[in-house]
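Colleague: This structure is in structure tokens; I'll ask about it shortly.
Laboratory data are not the source of any read-out in this text; all were calculated from the coordinates shown. What you see is a predicted model, and the numbers here were worked out from it, not measured in a lab. Every residue, glycine as well, gets a Cβ built from its backbone with ideal geometry; the counts of neighbours run over all protein chains shown.
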Amino acid sequence: MCLALLACGLLPRVALGQETRPPVLLTAAASRESQPLSGQWTYGKDLYRTGLTDINGWVAKSRMQRFRDIDVEAEEAKGGAGFFEFDLDRGPLMTIPGAWNAAEPELRYYDGLIWFQRKFTPRPLDGDRAFLRFEAVNYRAHVYLNGQEVGRHKGGFTPFVVEVTEALRSGENRLVVAVDSALDAQTIPTPITDWDLHGGITRPVTLVYTPATFIDDATLSLGTDGRVTGEVRLTGPQAAGQRVEIAIGSLGTYSATTDADGRAAINIRRLRGLALWSPDTPTLYDVTFRAAGDQVRDRMGFRTIAVRGSEILLNGQPIFLRGMSLHEEEFGPNPARNMTPQASRALLTEIKEGLNANYVRLSHYPHSEETVRLADEMGLLVWSEIPVYWTVDWENPEVLQKALTMQTEAILRDRNRASIVLWSIGNETPVSGPRTAFHSALADNARALDPTRLISAALLVERREENGEVVTAINDPLADKLDVLAVNTYAGWYGDDALEAVAGLKWSVPADRPLILSEFGADALAGYHDPDMRKFSEEYQAAYYRSTLAMADQIGTLRGMSPWILKDFRSPRREHPVFQNGWNRKGLVSETGVRKQAFDVLAEYYAARSDAQD
């Protein structure tokens, strides 16, 4: 289909698969020698972007260039005609990582450019190499070291790596990052979403040290044929012809040799004694990769995921995905997206233990590495997606290239996580030829990079008449590109359906593929009770869940659900002065963790589903 669309001119010619790969990945960077750069950074606002460009697109004036490697206070003490309109050395402090919108009241709705600075002293390199690794910066990042621009990145939720071996100096170094959170018609996502702004350096920053030749990427996966396959990539002057060793826990050590490009293919016919990863037994193995005097370590699980007709098969056995959608916001009245291990665990524990779930939809963008690794450890299956959300400039090849690059960064970061079973390629996008071509390219890219997982998308539905009755149906050509169909439905909350009619709504869906209800939900303000079950009351939300779950039980191909959403979350769209005040209230718990009545409704339903499955 994608090739046909290319021939018809509906799909711009763009790079797919390996061609969208970043030059450096630093897979398993957490196991390497590194220097954390999180903590207190100084910052300065730049709403008119004068530190990047002057009027008419001219080069920024030197007195505005915040990236300069200069002691402003010392220069000012010298006197003279010159002056400065910045001084990051004496700027206010902000804790990194974290969204600036939660840092200070004056930044609550700030959406634009802020400059950040951190000074640090690296260790001597002695022939080694050094890289700055940013886990996420939202949205555009310009990175400067000692006054020199060393890298740029676009996209708010995926990591990027910048080599700074030659730019480092002995002693103190000045790191400056310009972060621009503003979205536009060509960004992903576009400006109108249903979540908070969250500008800033929102995930950790580290200075990573490697040998001159090092293991840049290492991946393994279990196929449905029982083979463990993967690849190790070396980067550096001695990358070719190197022996690679892979030790998988106590199961054995295996070897391969890199080719002229530094790549070694791994193909292990069978791992004897392998315990498969599952939500009930999330077995992880300590895996070590060694080559050219370098080594990296990872914690990896092995499992298979497939579809057979309308069934989803985990390790060859049918499974029902008892899930919940989740935004990346920690519990608390002022979330900053600082996803510490404790913050991530608190959210996932409510899902796994509180709701009796085995699955989480990480909406609507790649969540932190911390969260995905915890899903591995705790035993939660994961749906991961990039923010191709609502409206996108579908016919712009540069926008498609951004989406493909973002998707590639997400997949290459998380291929080693057993928990991830679904790559989603879109959410609630209106059907058109260019839009379907855009999504088709994403589906092809995901399959090229990672054929071991399933592809889905959260589709819109329509009402139509079939055989004299009104049914809810999928009418989307993108369905042909998907392994698992998924739809968002809010009958009984949005639209004219009476709550009492929801349980009896009829569905017409393909019989040959599994279906997930990727979203359904209703708002409720925790603590607001109404015996008449008016909207925004806990009683209405609980009744909505009972009706929707009864409806879901009548869909023969339904194989999972991820209701919207675990926790109330910030959204500038939601401004009812009594019930919302800037919060989307569809959470089953409040922003501070207070459970609403519907929480128990879903927990009991999932417990019964779990007992029936066992």
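Colleague: Along the charge dipole of the chain, pointing to its positive end and built from +1/-1 on Cβ of Lys, Arg, Asp and Glu, which listed residue (Gln238, Tyr606, Ser424) has its Cα farthest out?
Modeller: Selected residue: Gln238.
Colleague: Whole-Å semi-axes of segment 273-324's equivalent ellipsoid, largest first, each the root of 5 times a Cα gyration tensor eigenvalue?
Modeller: Semi-axes (√(5λ), whole Å): 30, 12, 10.
Colleague: Give the whole-number value, in cubic angstrom per residue, of the convex hull volume spanned by the C-alpha atoms of segment 375-529. Provide the component values of the computation, followed by the final result.
Modeller: Values: hull volume 24.7 nm³, N = 155.
Cα convex hull per residue, to the nearest whole number: 160 Å³.
Colleague: Let me check against my output: what whole-number percent is the relative contact order of segment 214-302, with C-alpha pairs under 8 Å and at least 6 apart?
Modeller: For segment 214-302, the relative contact order is 29 percent.
Colleague: Related question: How high is the relative contact order of the chain, in percent, with contacts defined as C-alpha pairs under 8 Å that are six or more residues apart?
Modeller: It comes to 12 percent, rounded to a whole number.
Colleague: Now, a different point. Quick one: order His142, His327 by neighbouring beta-carbon count within 10 Å, fewest to most. Intermediate results must be reported in sequence, preceding the final value.
Modeller: Values: His142 20, His327 26.
In increasing order of surrounding Cβ atoms, one gets His142, His327.
Colleague: Oh, and also: For segment 150-258, with only Lys/Arg (+1) and Asp/Glu (-1) charged at the beta-carbon, what is the dipole magnitude about the Cα centre, in debye rounded to 20?
Modeller: 240
Colleague: Sequence gap at least 6, Cα distance under 8 Å: using those rules, report the relative contact order of segment 32-210 to the nearest whole percent.
Modeller: With pairs under 8 Å counted, the relative contact order is 31 percent.
Colleague: Evaluate the charge dipole of segment 32-210 about its Cα centre and quote only its size in Debye, nearest 20, assuming +1 on the Cβ of each Lys and Arg and -1 on the Cβ of each Asp and Glu. Intermediate results must be reported in sequence, preceding the final value.
Modeller: Numbers: 21 positive and 25 negative charges, 46 e Å.
Around 220 debye, computed over segment 32-210.
Colleague: List Tyr528, Tyr605, Tyr139 from most exposed to least, where exposure is judged by having the fewest other Cβ atoms within 10 Å. Kindly include the intermediate steps, with their values, before the conclusion.
Modeller: On the way: Tyr528 17, Tyr605 20, Tyr139 24.
Arranged by neighbour count, lowest to highest, Tyr528, Tyr605, Tyr139 become Tyr528, Tyr605, Tyr139.
Colleague: Something else now. With only alpha-carbon pairs counted, each pair once and no self-pairs, how large is the Kirkwood hydrodynamic radius of segment 214-302 in angstroms?
Modeller: 13.4
Colleague: Roughly how far apart, in whole Å, are the Cα centres of segment 538-596 and segment 410-451?
Modeller: For segment 538-596 versus segment 410-451, the Cα centre distance is 26 Å.
Colleague: Calculate the tail of P(r) for segment 499-554: the fraction of all Cα-Cα distances greater than 20 Å, expressed in %.
Modeller: Everything past 20 Å amounts to 34 percent.
Colleague: Follow-up. Rank Ala526, Leu125, Ala550 by how far each Cα sits towards the positive end of the charge dipole of the chain (+1 on Lys, Arg Cβ; -1 on Asp, Glu Cβ) and give me just the farthest.
Modeller: Checked the options; the winner is Leu125.
Colleague: Multiply the residue gap between Leu276 and Thr165 by 0.36 nm, knock off their C-alpha separation, and tell me the result in nm, one decimal place. Walk me through the numbers on the way to the answer.
Modeller: On the way: separation 111, 0.36 × 111 = 39.96 nm, distance 4.09 nm.
Full extension from Leu276 to Thr165 adds 35.9 nm.
Colleague: What is the P(r) of segment 32-210, as percent of Cα-Cα pairs per 5 Å bin from 0?
Modeller: In whole percents, the pair-distance histogram is 1, 8, 16, 21, 20, 16, 10, 5, 2, 0, 0.
Colleague: For segment 466-614, compute the orientation-averaged projected area of the C-alpha convex hull (one quarter of its surface), in nm².
Modeller: Average of the hull's projected areas for segment 466-614 equals 10.6 nm².
Colleague: Select from His153, Thr304, Thr371 the residue farthest towards the positive end of the dipole of the chain; place +1 on Cβ of Lys and Arg, -1 on Cβ of Asp and Glu, and compute about the Cα centre.
Modeller: Result: Thr304.
Colleague: With each pseudo-label sitting 7 Å past Cα toward Cβ, what's the Asn467-Arg297 distance in nm, one decimal?
Modeller: Distance between label points: 6.0 nm.
Colleague: How many lysine pairs does the chain hold where the Cα atoms are under 27 Å apart and the two sit 8 or more places apart or on different chains?
Modeller: 24
Colleague: Next question. If you put +1 on each Lys and Arg Cβ and -1 on each Asp and Glu Cβ, how big is the dipole of the chain around its Cα centre, in Debye rounded to 20?
Modeller: Values: 66 positive and 81 negative charges, 246 e Å.
Dipole about the Cα centre, nearest 20: 1180 debye.
Colleague: Using 10 Å bins from zero, what percent of all Cα-Cα pairs in segment 320-613 falls into each bin?
Modeller: Binned Cα distances yield the sequence 6, 28, 36, 24, 5, 0.
Colleague: Determine the calculated [θ] at 222 nm for the chain from helices alone, applying -39500 (n - 2.57) to every DSSP H run no shorter than 4 residues and normalising by the residue count; nearest 500 deg cm²/dmol.
Modeller: Value at 222 nm, helices only: -5000 deg cm²/dmol.
Colleague: Is the chain best put as rounded, prolate or oblate by its Cα gyration tensor, with a ≥ b ≥ c the root eigenvalues, rounded for a/c under 1.5, and otherwise prolate when a/b is larger than b/c, oblate when not?
Modeller: Since a/c reaches 1.5 but b/c is at least a/b, the shape of the chain is classed as oblate.
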